[in-house]
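No lab work stands behind these numbers, since they all come straight from the coordinates. Source: prediction; values computed, not measured. Cβ atoms come from the backbone with ideal geometry, glycine included; neighbour counts cover every protein chain shown.
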Amino acid sequence: MDPVTLAPIAVLAALSIVTIRYAILCHVLPFTRCRRCGGTGRIPRRIGRGSRPCRRCDGTGLRLRWGRHLLNYARRLHRDGTR
């Protein structure tokens, strides 16, 4: 094979491997740490001491991955059918 056709094939193969790995990760581990609170579930107050619950993750420290949102949306579309 010449390099002109080998380069796009290599790029497509790499992208498909990364996509498949992320889909498997979203299926096996649907939750990730919240970026705002760092997975603690609490955000320190600006003034004084103490902390408050994180609003993004509702104090759990976990958020649903973007890929899992897409999988859930696709499943919901398939289950409900096209209307």
Can you pull out the cysteines in the chain that have no other Cys Cβ under 4.7 Å? 26
So residue 6 and residue 29, fully extended at 0.36 nm per residue minus their Cα-Cα distance, gain in nm 4.9 nm
Starting at the first residue of the stretch 3-19, write each ³J(HN,Hα) from the Karplus equation 6.51 cos²θ - 1.76 cosθ + 1.60 with θ = phi - 60°, in whole Hz, x for Gly and Pro. x, 5, 8, 6, 5, x, 5, 5, 5, 5, 5, 5, 5, 5, 5, 5, 5
What do the square roots of 5 times the Cα gyration tensor eigenvalues come to for the chain, in whole Å, largest first, as semi-axes of the equivalent ellipsoid? 38, 21, 9
Select from 36, 49, 65 the residue whose mean-square fluctuation is largest in a Gaussian network model of the chain (Cα-Cα springs shorter than 10 Å). 49
Under 5 Å, built H, 5+ apart or other chain: amide partners of residue 54: 42, 43, 59
